[in-house]
């Protein structure tokens, strides 16, 4: 088992163990909390200027886990605690990290929009001066072909550093959907990580990439420490800050064809995360257009009904304790345009 695979395994163990340490707050309003509990994703810019890929677990038992990853191969920063609803807002209290109890608890105040997104309230800099924005993963699945995205920032990143960088996508996998990360390193290494966001160990494929006439081509040679009998070749095309898979050498990665991979800088700079009043839909910085507030409906491509679980949550399923797998996801709005792949 190589170092990166071991790191992913240890991170999954941390997710499972630490989420169970936090006790549910006694004042938790069960009915309101049921519509908030779930898995959230967020992309933001940290204090050092690097883009963050964040996953927030608000578990149905009131425990919480926040994982922040700069996606450069270093250890993921994990903090755990509890959460509670307060009217239209959510209070997140973080009390532990991977080393143990924090010197003092961190209290984060989050405002909720009708679409189910959570934003740090104006003036709350607990998680950084720029604030945070967390979107239900079910909503990201529904909007996977048209995520809020700053084309200008993504194109600028590609122009300054070429195709090397980090890209995000959503793919079907197993019983649900996967958070997928494609990293093209400057030294021409490449990794493709698939995470079901349910506490299980993420799958990690390794290989190399090259620039072919201005477009990246990726060759994957091993997955989770085991070499492929024959490598998988994937070609991509870059356009407007997004790379899209054009061809795959065989069926082992056929599901990648046509999938948009969003440059991380474009996602991290897409929406202003602070100063959003409760009940106000988010506004895309690039387009200045607020998404329409449509009645909740099941995504025809995913079959996810409002308030329905994204993945199986039977206690002990796959060796994951029930408390670490959110049982209910907020109802996502239907996407304006659904383009299946």
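The values are calculated or read from the model by the stated rules, or taken from the named source; none is laboratory data. What you see is a predicted model; the values in this text were computed from it and never measured. Cβ atoms come from the backbone with ideal geometry, glycine included; neighbour counts cover every protein chain shown.
For the stretch 181-215, taking the residues that are in a strand (DSSP E or B) and either in contact (Cβ under 8 Å) with a residue 60 or more places away in the chain or farther than 20 Å from residue 231 by Cβ (or both), the one that is farthest from the chain's Cα centre (by Cα) is identified as 206.
Listed conditions (1) within 30 Å of residue 186 (Cβ to Cβ); (2) buried (at least 22 other Cβ atoms within 10 Å of the Cβ); (3) at pLDDT 95 or above are all met by residue 55, apart from (2).
When you check residue 166 against the structure, is it modelled with pLDDT of 90 or more and not assigned by TED's automatic domain parsing to the domain that holds residue 237, yes or no?
No, not satisfied.
In this structure, is residue 119 closer than 19 Å to residue 49 by Cα and either in contact with a helix residue (DSSP H, G or I) (Cβ under 8 Å, 6 or more places away or on another chain) or buried (at least 17 other Cβ atoms within 10 Å of the Cβ) (or both)?
no
The requirement of being within 17 Å of residue 106 (Cβ to Cβ), at pLDDT 90 or above and surrounded by fewer than 17 Cβ atoms within 10 Å (Cβ to Cβ) is satisfied by residue 77. Do the conditions hold for residue 226, that is, is it free of Cβ contacts under 8 Å to residues at least 60 places away in the same chain and within 27 Å of residue 146 (Cα to Cα)? So residue 226 fails the test. So which of 82, 109 is part of a strand (DSSP E or B) and surrounded by fewer than 22 Cβ atoms within 10 Å (Cβ to Cβ)? Just one listed residue meets the conditions, 109.
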